[in-house]
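First comes the structure, then the notes that go with it.
The values are calculated or read from the model by the stated rules, or taken from the named source; none is laboratory data. Just so it is clear, the structure is predicted and the values come from calculations on it, not from any experiment. Cβ: placed from backbone, ideal geometry, glycine included. Neighbour counts: every protein chain shown.
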Amino acid sequence: MLVNPKLSSEDENRKRTSCAEKRRKENKKMEKHSKGEILGSLLKAELSAAETYQHLLEKASEDPGVSALNRIHEDHQESAQALVNQLTDLGIRPARETGTWSVVAVVAEMGVHPLSDPMAIKALKEGEEQGLEGYRNALLSGTLTRDQKSLISDHLLPRVNRNLSRLNKLLEAA
């Protein structure tokens with residue numbers, strides 16, 4: 001290390017401390033950004049799913065299976081709110097735009113009532129499976145805090161699994 005002869009050892013130590021502090025702040029900022037990207041991506045998927053189910057529920061009749069769709073919709077709303085809370089805790093303003101839920105969006109646009117068409121239910125299952133994969137990837141990222149990982153593994157993943165189970169029952173009944 002080069003030492004500036006004009007700086008005292010105390011000044012040199014302050015300079016090193018200042019540089020180290022800047023690196024720590026920059027690393028923390030990058031870590032926050034990375035967590036925010038992961039959580040933000042999961043939030044967009046949840047908002048998109050909630051929007052899709054809302055759209056389907058608006059077209060639904062008073063079929064007994066509608067209550068299952070309603071519960072799935074509520075699960076997505078609750079999951080989205082939990083992710084909003086995590087982003088807010090990081091000091092990040094959560095985006096409110098939705099992502100694309102690919103195949104599921106097609107089902108909604110087709111105007112098909114998912115309870116009357118096994119292919120529509122399979123498309124909804126595919127959307128849930130995409131969500132499952134997104135949460136699993138988030139857990140593997142190594143970026144999230146223990147609390148964030150706990151939220152995913154203890155609350156959000158079980159909701160997706162319940163939704164898949166509900167859709168499987170609807171598929172069996174179709």
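Annotations for the structure displayed:
- Counting the residues of segment 138-167 that are at pLDDT 95 or above, more than 20 Å from His55 (Cα to Cα) and polar (S, T, N, Q) gives 5.
- Residue, modelled with the lowest pLDDT, within segment 60-88, restricted to residues that are in contact with a helix residue (DSSP H, G or I) (Cβ under 9 Å, 6 or more places away or on another chain) and among the acidic types (Asp, Glu): Asp63
- Flag for Leu43 being buried (at least 23 other Cβ atoms within 10 Å of the Cβ) and assigned to a helix (DSSP H, G or I): yes
- Residue within segment 51-59 that is closer than 16 Å to His155 by Cβ, modelled with pLDDT of 80 or more and out of contact with any Lys or Arg (no Cβ under 8 Å at 6 or more places or on another chain) present: no
- Candidates in segment 130-147 are the residues that are under 11 Å from the mean Cα position of the chain (by Cα), more than 13 Å from Gln86 (Cβ to Cβ) and of a type in the set (Gly, Ala, Ser); of these, the one that is surrounded by the fewest Cβ atoms within 10 Å (Cβ to Cβ) is Gly134.
To keep it simple, each residue is scored yes or no on (1) farther than 15 Å from Glu51 by Cα; (2) surrounded by 13 or more Cβ atoms within 10 Å (Cβ to Cβ); (3) at pLDDT 85 or above.
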| site | (1), (2), (3) |
| --- | --- |
| Gly91 | yes, no, yes |
| Ala108 | no, yes, no |
| Gly111 | no, no, no |
| Leu115 | yes, yes, no |
| Pro118 | yes, yes, yes |
| Ile121 | yes, yes, yes |
| Glu128 | no, yes, yes |
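- Out of Asn27, Asn13, sole residue that is at pLDDT below 90, closer than 26 Å to Leu144 by Cβ and of a type outside the set (Gly, Ala, Ser): Asn27
- Residues located in segment 129-146, provided they are in a helix (DSSP H, G or I) and either on the phi > 0 side of the Ramachandran plot or touching a residue at least 40 places away in the same chain (Cβ under 8 Å) (or both): Gln130, Gly131, Gly134, Tyr135, Ala138
- Residues of segment 148-174 satisfying the condition of being surrounded by fewer than 14 Cβ atoms within 10 Å (Cβ to Cβ) and in contact (Cβ under 8 Å) with a residue 40 or more places away in the chain: His155, Asn168, Lys169, Ala173
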